[in-house]
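Heads up: the structure comes next, in structure tokens.
The values are calculated or read from the model by the stated rules, or taken from the named source; none is laboratory data. On a predicted model such as this, the values are computed, not experimentally measured, just so you know. Note that we place each Cβ from the backbone using ideal geometry, even for glycine, and neighbour counts take in every protein chain shown. When the accessible area is computed, the model is the full protein with side chains, heavy atoms only, and any ligands, DNA or RNA have been set aside. Shrake-Rupley method; radii C 1.70, N 1.55, O 1.52, S 1.80 Å.
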Amino acid sequence: MDYLVFRLYGAMASWGDIAVGSSRHTSNHPSKSAIIGLIGAALGIKRDDENIQKQLNTAYNIAIKQFSSGTLLNDYHTTQAPDSVGKFQYRTRRDELVIGKDRLGTILSSREYLTDSVALIAIKALDNAPFSLQDIKEKLLKPAFHLYLGRKSCPLSIPLSPQIINTEAGFKQGLDTYQWLNVLPFKKKSRDDYWFSLKGFKQYYWEGENGDFAMDNSDFNPEKVQVLTRYDQPRSRQRWQFSSRLENFYQQDNKELN
């Protein structure tokens with residue numbers, strides 16, 4: 001079985017969670033909608049193409065290895081824009097401020113971000129996958145659209161470095177055998193010469209059964225698996241609608257990690 005594995009790191013990230021009123025919360029690890037959106041952007045798929053967006057959502061299973069959730073950052077956010085006038089469209093920001101001056105309104109919101117969060121993402125293609133893992137890998141290296149971590153204000157800070165890993169042992173083996181490449185221009189002195197720790201507790205999240213995660217139970221205790229409900233299953237990108245899905249969670253303490 002082939003898995004496409006790549007890393008996500010940015011100075012800031014925001015993984016959308018349930019939004020109530022003016023509060024925009026973030027989850028502590030990447031959402032499926034954000035990952036599928038990133039892949040879609042790399043492939044050059046527009047948000048209003050509902051058909052192919054739904055195919056992406058149902059044709060790939062994902063797994064996440066979380067090294068660090070990062071530090072929570074709260075932002076008091078203001079947005080000012082005029083309301084719509086029939087079929088008239090404001091073409092520029094100047095049009096909004098000049099033509100729509102009398103219709104300007106301000107929206108206040110509180111938004112959460114994570115700083116310095118680090119995760120690995122593994123993608124498994126199902127039988128109905130519209131794109132091969134090799135095709136997606138090539139597009140992640142040369143994306144059609146700008147890539148970001150949940151919000152447009154959160155660009156990538158290091159290359160994704162996508163790798164296709166073949167293993168019959170499941171998601172965990174694919175994530176654990178990922179080869180970290182140098183981020184800084186100088187040669188690192190040791191395997192621990194990163195800005196985050198490769199040791200200690202690591203958190204895994206995945207879709208599917210325990211066998212999809214790990215075929216070998218020698219370093220995996222299925223009794224510790226928790227099943228979570230998460231509202232990050234895209235229903236309509238245009239209307240920003242999401243439904244629930246089940247996600248497995250497992251935490252393991254390794255003294256030495258790949």
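Once both labels are positioned 7 Å from their Cα atoms along Cα-to-Cβ, the gap between R245 and Y231 label points is 1.6 nm.
Please compare each pair in K65/K124; K46/K172; K54/K224 to a cut-off of 22 Å on the Cα-Cα distance and tell me which ones are over it. Correct reply: K46/K172; K54/K224.
Taking the longest Cα principal axis of the chain as reference, the axis of helix 50-59 is set at about 20 degrees.
In order along the range 120-131, the Karplus-derived 3J(HN,Hα) couplings, from 6.51 cos²θ - 1.76 cosθ + 1.60 at θ = phi - 60°, round to 9, 10, 10, 10, 10, 7, 8, 4, 9, 5, x, 10 Hz, and Gly and Pro are given as x. Protection proxy ranking of 147-157, 72-82, by the mean of other Cβ atoms within 10 Å over each peptide's residues and highest first, is 147-157, 72-82. Across the chain, the longest run free of exposed loop sites, meaning GluC sites (Glu not before Pro) lying outside DSSP classes H, G, I, E and B with no more than 16 other Cβ atoms within 10 Å, spans 1-167. Using C-alpha pairs below 8 Å separated by at least 6 residues, the relative contact order for the range 1-102 is 15 percent.
Just checking the listed ones, R93, R235, R24: in the Gaussian network model of the chain with Cα springs under 10 Å, the one fluctuating most is R93.
Full extension of the chain between E209 and D127 yields a length gain of 27.8 nm, computed as 0.36 nm times the residue separation minus the alpha carbon distance.
For the chain, a Gaussian network of Cα nodes joined below 10 Å ranks N28, N248, N128 by mean-square fluctuation, and the top entry is N128. Once the chain from R91 to Y76 is taken as fully extended at 0.36 nm per residue, the excess over their C-alpha distance is 2.7 nm. Residues in the chain average 55 Å² of solvent-accessible surface per residue, probe 1.4 Å, ligands and nucleic acids excluded. Note on L104 and A144: their simple-model spin labels are 3.7 nm apart, each label 7 Å out from Cα toward Cβ. Rounded to the nearest 500, the 222 nm mean residue ellipticity of the chain from helices alone is -5000 deg cm²/dmol, with -39,500 (n - 2.57) taken per DSSP H run of at least 4 residues.
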